[in-house]
Amino acid sequence: MDLGIAGRWALVCGASRGLGWGCARALALEGVNVVMAARGQAALQAAVAALRAELPAGAGPQIVPVVADVTTEEGRAALWQAPGGPGRAFDILITTAGGPPPGDFRQWGRQDWLRALQANMLAPIELIRATVDGMAARGFGRIVNITSSAVKAPIDILGLSNAARSGLTGFVAGLARSDLAARGVTINNLLPGKFDTDRLRATLQAAADASGRSLEEVRAAQLTQIPARRLGAPQEFGAVCAFLCSVHAGYLTGQNILLDGGAYPGTF
Ligand code: NAD
């Protein structure tokens with residue numbers, strides 16, 4: 001299927017690794033020009049080089065790396081000034097930032113809460129604010145926020161994530177149903193369950209260290225909770241993201257789409 005978005009410009013956050021990388025790759029393979037944002041220069045350069053190697057030589061889309069922490073004003077300013085980028089005139093926006101740490105809410109102070117809200121609620125809203133009116137004026141826009149299955153089925157030790165991402169979800173539910181819907185802009189959230197990324201591997205390792213079990217034992221125990229009996233691949237996540245950004249998904253807005261191998265036990 002031709003997704004009909006070749007030549008468009010996308011801003012993808014968290015694009016050097018994991019789910020953001022999966023989205024950047026899938027969009028670039030569809031011919032979308034991509035500004036790839038991440039914090040670490042070395043990982044970002046490596047990701048950009050690997051992606052360019054996958055694209056058709058000479059005729060591929062533009063890939064523009066920007067080292068930026070998207071949770072800060074300076075980081076977001078760097079995105080709009082990326083040399084070779086479109087300024088704020090993006091057609092597609094994929095938001096994500098690192099997830100907050102697990103823990104017990106009795107140990108979290110105001111600063112912990114503000115950090116989580118900054119990363120997982122306010123930064124995506126600021127990125128949307130900076131780009132959405134331009135999309136509407138041009139009559140086409142696709143915004144996908146990478147949130148978490150924890151929005152639908154909260155995880156007790158991830159209270160910071162449950163709360164901050166639910167705030168973003170409530171905001172998006174209203175915004176997606178505003179006049180933007182009639183002006184060609186869709187806004188949706190993708191909710192990952194368990195995907196095989198550096199972050200998930202670190203989480204499994206921490207669980208193994210804490211319990212005295214091997215990494216393989218912890219991994220196998222987690223897989224029993226997933227009907228698909230495997231972790232998701234960032235490429236699969238990226239493919240769904242690219243479809244949501246396609247011309248074919250213009251009637252799909254304000255939705256929360258769970259990608260979890262069947263782990264959520266409800267009918268809906
Ligand atoms: P990852 O750690 O493998 O990759 C994170 C990427 O985001 C890296 O490129 C990193 O440089 C970038 N990044 C992090 N903070 C950033 C910031 N402030 N500014 C710019 N770039 C930043 O993580 P992942 O597993 O791909 O997860 C992506 C998001 O999805 C996270 O918020 C995570 O909590 C959430 N999530 C992941 C899973 C999973 O199974 N992997 C499940 C649920 C939710």
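The values are calculated or read from the model by the stated rules, or taken from the named source; none is laboratory data. What you see is a predicted model, and the numbers here were worked out from it, not measured in a lab. Backbone-built Cβ (ideal geometry, glycine too); neighbour counts: all protein chains shown.
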Which one is surrounded by the fewest Cβ atoms within 10 Å (Cβ to Cβ), of the residues in segment 63-113 that are away from the ligand (no atom under 12 Å from the Cβ) and assigned to a strand (DSSP E or B)?
Val64
Within segment 135-147, can one find any residue that is free of Cβ contacts under 8 Å to residues at least 40 places away in the same chain, within 10 Å of the ligand (Cβ to nearest atom) and within 22 Å of Ser166 (Cα to Cα)?
no
(1) more than 23 Å from Asn188 (Cβ to Cβ); (2) touching a helix residue (DSSP H, G or I) at 6+ places or on another chain (Cβ under 6 Å): which one isn't true of Leu93, the others all being true?
(1)
Pairing a residue in segment 173-184 that is closer than 15 Å to Gly134 by Cα and of a type outside the set (Gly, Ala, Ser) with any residue that is exposed (fewer than 12 other Cβ atoms within 10 Å of the Cβ) and at pLDDT 95 or above, where Cβ atoms lie under 7 Å and the two sit 6 or more apart in sequence or on different chains, gives Arg183/Gly139
Looking only at residues in segment 179-215 that are modelled with pLDDT of 95 or more and within 8 Å of the ligand (Cβ to nearest atom), which one is nearest to Ala47 (Cα to Cα)?
Thr197
Could you give me the residue pairs with C-beta distances under 8 Å whose first residue belongs to segment 16-40 and is farther than 16 Å from Asp91 by Cα, whose second residue is at pLDDT below 95 and within 12 Å of the ligand (Cβ to nearest atom) wherever it lies, and which are 6+ apart or on separate chains?
Arg17/Asp198; Gly18/Asp198; Gly18/Arg199
Name the single residue that is farthest from Asp2 (Cα to Cα) among those in segment 27-51 being within 11 Å of the ligand (Cβ to nearest atom) and buried (at least 24 other Cβ atoms within 10 Å of the Cβ).
Ala38
Would you check if Gly20 is within 15 Å of the ligand (Cβ to nearest atom), touching a strand residue (DSSP E or B) at 6+ places or on another chain (Cβ under 9 Å) and farther than 20 Å from Leu259 by Cβ?
no
